[in-house]
Amino acid sequence: MSINAILSRVDADFPKSLDRLFDFLRIPSISADPSHKDDCVRAAEWLVRELTALGFDASLRPTPLHPMVIGHYTKAGPDKPHVLFYAHYDVQPADPLELWDSPPFEPVVKTFPDGSERILARGAQDDKGQLMTFLEACRALIAETGKLPVNVTFFSEGEEESGSPSMIPFLEANKAELSADVALVCDTEMWDRKTPAITTMLRGLVGEEISLRCASHDLHSGAFGGAALNPLQVLTKILGDLHDDKGRVTVPGFYDGVADISPTLRANWDNLGFDAAAFLGGAGLKTPAGEADRTVLEQIWSRPTCEINGLAGGYAGPGFKTVLPASAEAKVSFRLVAGQDPQKIRAAFRQYVRDRLPPDAKVEFREHGGSPAVHVAIDGAAVGKARAALEAEWGKAPALVGSGGSIPVVGNFKSILGLDSLMIGFGLDDDRIHSPNEKYEVTSYHGGIRSWVRVLDALAS
Ligand SMILES: [Zn+2]
């Protein structure tokens, strides 16, 4: 069976693919809102029905919050690879409703002045539209060839927009059932409307909250100023020293294990035509503020960072108060890259702060999250096949992009299931996910379905 026959079927069936996505989008599966608990179950049941109709052995698995959906497809045969496909069926709340141009759970396709056709609905992109690109590709493959070219475990959660509280226990309890050769994660974006992308790097995160206490109570700056230790001054001095004048983080050992990107990756990035001025300009800025000898793409994708996220203490209300505060607080986070151990970074930061404390200053730390970075080896077999498949579809080599943020489930797949993830998605950065008027381009949906047909076919060979 030629791939063209399958792709022609995708094209011919596309209006029906759109209808099915619309059915799915009409279910307001808002995981954060207890009044939509039944809708989450409805969305999960909808998926089980669709998967069962395609020949998957599918079921709904209860958790303390919203159910998981698992579907197994093993008809490709024991000699074929086995992929674990992940997506989430829950969506963000739609508020504020008055800012939507059309009701969030009544999907429509609208043509915009630039000629683009857009599916408008909550979840149109994140993650129902992306999820359906895969399901519709499976449908076309099965309809045209009788079966899928690879074995598939379809895995969907309904808690992603609520912090995935059931994910880790569920993965640990169902390790054997979820084993596969590689995970496919579709919660990512294209480089631009015409250029597909494979996300190969996600930065990790360490968050720390620091409380500094000096005097036993707030003091008068006239009576005590000059003699009493000021915790805001102590804290801002320590925080101000966290970066040197080249923008490098000064915590000892911070860069241990951090490697430069490979020449292949550098060449791919150089070809992206990334416009650093436009990127910063979009935020009202002109000058990169990170490490002086690094490009902006390196600064946001492949280099670790330290940011002060909040600072509190003393008097910041209206008017003026000559207080000499007894305490000060700060929230500091680190974005990590491959080679950095979150616990080591946390310990090194705490030691760095303690080493700089004057007598009479006492510090307390509270941790907020710690996850390592995820790097996918770009010379791996699965990535190579996916690159070729995406290039065949879009007529352009995929961008091998990084993501400054993280997708926690990708780290969980690695640490609990031992699985590398192939991150391919068709969203665009102006899709307004989590915001009013969320959209998914019709070209993303259609091209996404066609892309998965090619990727699954390529992974089988
Ligand atoms: Zn989301």
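The values are calculated or read from the model by the stated rules, or taken from the named source; none is laboratory data. Predicted, not measured: the structure shown is a model, and the values here were computed from it. For neighbour counting, all protein chains shown are included, and Cβ atoms are generated from backbone atoms with ideal geometry for every residue, glycine included.
For segment 254-263, does any single residue satisfy the condition of being outside any loop (DSSP other than H, G, I, E, B) and under 25 Å from the mean Cα position of the chain (by Cα)? Taking every residue of segment 254-263 in turn, none turns out to be outside any loop (DSSP other than H, G, I, E, B) and under 25 Å from the mean Cα position of the chain (by Cα).
Among residues of segment 352-382 being surrounded by fewer than 19 Cβ atoms within 10 Å (Cβ to Cβ) and of a type in the set (Val, Ile, Thr), the one that is farthest from Val332 (Cα to Cα) is Ile378. For Ala348, state whether it is surrounded by 14 or more Cβ atoms within 10 Å (Cβ to Cβ) and either free of Cβ contacts under 8 Å to residues at least 24 places away in the same chain or farther than 18 Å from Val206 by Cβ (or both). No, not satisfied.
On the basis of being of a type in the set (D, E, K, R), outside the structural domain of Ala399 (by TED's automatic domain parsing) and farther than 28 Å from Asp431 by Cα, does Glu208 make the cut? So Glu208 fits the description; yes. Does Val249 fit the bill of being within 16 Å of the ligand (Cβ to nearest atom), of a type in the set (A, V, I, L, M), in contact (Cβ under 8 Å) with a residue 40 or more places away in the chain and in contact with a Ser or Thr (Cβ under 9 Å, 6 or more places away or on another chain)? Against the criterion (within 16 Å of the ligand (Cβ to nearest atom), of a type in the set (A, V, I, L, M), in contact (Cβ under 8 Å) with a residue 40 or more places away in the chain and in contact with a Ser or Thr (Cβ under 9 Å, 6 or more places away or on another chain)), Val249 does not qualify. The set of residues from segment 145-170 being away from the ligand (no atom under 16 Å from the Cβ) and either in a strand (DSSP E or B) or surrounded by fewer than 19 Cβ atoms within 10 Å (Cβ to Cβ) (or both) comprises Thr145, Gly146, Lys147, Asn151, Val152, Thr153, Phe154, Phe155, Ile168, Pro169. Total residues in segment 411-461 satisfying the condition of being more than 26 Å from Lys194 (Cβ to Cβ) and within 16 Å of the ligand (Cβ to nearest atom): the figure is 1. Candidates in segment 187-204 are the residues that are more than 16 Å from the ligand (Cβ to nearest atom) and of a type in the set (S, T, N, Q); of these, the one that is modelled with the lowest pLDDT is Thr200. Contact annotation: residue pairs with Cβ atoms under 6 Å, 6 or more positions apart or on different chains, pairing a residue in segment 4-33 that is under 20 Å from Leu47 (Cβ atoms) with a partner that is at pLDDT below 95 and among the acidic types (Asp, Glu), are Ser31/Glu161. Can you name the residue in segment 78-99 that is assigned to a strand (DSSP E or B) and within 12 Å of the ligand (Cβ to nearest atom) and is also farthest from the chain's Cα centre (by Cα) among such residues? Once the filter is applied, the top-ranked residue is Val91.
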